[in-house]
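Each remark here refers to the structure printed beneath this line.
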Amino acid sequence: MGMIGGGRGAFIGGVHRIAAAIDGQIELVAGALHVDPEIALLSGQDLFLKPERTYRTYVEMFEKESQLNPDERMDFVSIVTPNHVHFDPAKRALENGFHVVCEKPLSFNLDEAKQLQDLVHQKNLIFALTHTYTGYPMIKQAREMLTTGVFGKLRKVIVEYPQGWLSTPLEKTGQQQASWRTDPKKSGKAGAVGDIGTHAENLAETITGLKITEVSADVTTFVDGRLLDDDANVLIRFDNGAKGVLHCSQIAAGEENALNIRVYGEKGGIEWHQHDPNTMYVKWLDKPMQVYRTGQGYMGASAQAHTRVPAGHPEGYLEAFGNIYRDFAKVLQAKLDGSEADPLHIDFPTVDDGVRGMQFIDAVIESGENNAAWTSLH
């Protein structure tokens, strides 16, 4: 693996490196780790990269890595930069034949996302998008139950992602994570909608197998002087006729990362909370509620394949993140070997999910600007 971004002062780069290392299938061998060339070099020293594989820019990294023997050069690149620095490095990686793991949202705007989608399919390369929460075993179980008709036709989806960390103008203090997320030149046209709303959108589509067709959105910026949204309430229509409610907020004071989802069909449904990811409540129309727990023998094949420790031992965010990297690594290894990947591992968000996320952002922001008018994803 090579990495772009994630050097000194970064948050998510360290998370990616931990996730990639959990299974011992991936080795960090190269990096262009910071926009400041000197900090990039120092960051490489921090991670014990060879000096000749620590690059001042990602352009230099692609140029020099491409010249190495296939058994020596990096096989893929992980892009852990702010939104406005996703497209160009991803595009250069694909053009140079490197597979990609990329932070979400996929790009700065929808046009860039579609260009990357075209390149991935044209080059027949593997592209993973790190919608972390889809990596939880219980999310695999929910998807199996919801998409195989256990609950009958799905009717209602309620998904929420409240945070409170931007309840004050934190960006004015120079806090790095707040500064770029609230800057339209770096984040794009959306704030909370792009940062966490897309996680909620992806989770809803992933576990139900449904597609969002239209949204009606009330989008707000509560903090004075902030340039992007920090709260959104969205009504949703799905392609099977189901209806939904999605809310994302970064001004829900006191909340941490309280992602949760409830889905209801004709016969029952599920409820899952990210704060207790090993537990899922299964509710029935005509019998008592059940409590499903990760690691138990009644879990489905995909959930079991993504469970790492015996029942009762907590698995969390890092393990879910690691599942995305492990699945990506297994599929990539099969491709390098010329073999067929195990279908249980062809199970991570892709560039196509990234395009869906950008379509969602565009539709929500457009609806919000037009007094919550119903707006199609396109």
Of the candidates ALA341, ALA334, ALA363, ALA372, the one satisfying the condition of being surrounded by fewer than 21 Cβ atoms within 10 Å (Cβ to Cβ) and either in the same structural domain as ASN233 (by TED's automatic domain parsing) or of a type in the set (Ser, Thr, Tyr) (or both) is ALA372
Going through region 86-109 in order, the residues found to be buried (at least 20 other Cβ atoms within 10 Å of the Cβ), over 16 Å from the mean Cα position of the chain (by Cα) and not in a loop (DSSP other than H, G, I, E, B) are PRO89, ALA93, LEU94, HIS99
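One line per residue, one yes/no per condition, for (1) of a type in the set (A, V, I, L, M); (2) within 21 Å of PRO343 (Cα to Cα); (3) assigned by TED's automatic domain parsing to the domain that holds GLN359:
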position: HIS84; (1), (2), (3): no, no, no
position: ALA90; (1), (2), (3): yes, no, no
position: GLY97; (1), (2), (3): no, no, no
position: LEU116; (1), (2), (3): yes, no, no
position: VAL120; (1), (2), (3): yes, yes, no
position: ASN124; (1), (2), (3): no, yes, no
position: THR147; (1), (2), (3): no, yes, yes
position: LYS153; (1), (2), (3): no, no, yes
position: VAL157; (1), (2), (3): yes, no, yes
If you go through LEU154, LEU166, the only one that is touching a Phe, Trp or Tyr at 6+ places or on another chain (Cβ under 8 Å) and more than 20 Å from SER367 (Cβ to Cβ) is LEU154
The lone condition LEU318 fails out of (1) hydrophobic (A, V, I, L, M, F, W, C); (2) surrounded by 16 or more Cβ atoms within 10 Å (Cβ to Cβ); (3) part of a helix (DSSP H, G or I) is (2)
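Please verify whether region 266-276 includes one or more residues that are acidic (Asp, Glu), touching a residue at least 40 places away in the same chain (Cβ under 8 Å) and not assigned by TED's automatic domain parsing to the domain that holds THR220.
Initial filter on region 266-276 (acidic (Asp, Glu)): 266, 271, 276.
Retained after the next criterion (residues that are touching a residue at least 40 places away in the same chain (Cβ under 8 Å)): 266.
Now restrict to residues that are not assigned by TED's automatic domain parsing to the domain that holds THR220: none.
No: zero hits.
The values are calculated or read from the model by the stated rules, or taken from the named source; none is laboratory data. These numbers come from a predicted model, not from an experiment. Quick reminder, even Gly has a Cβ in these numbers, built from the backbone with ideal geometry, and neighbours come from all protein chains shown.
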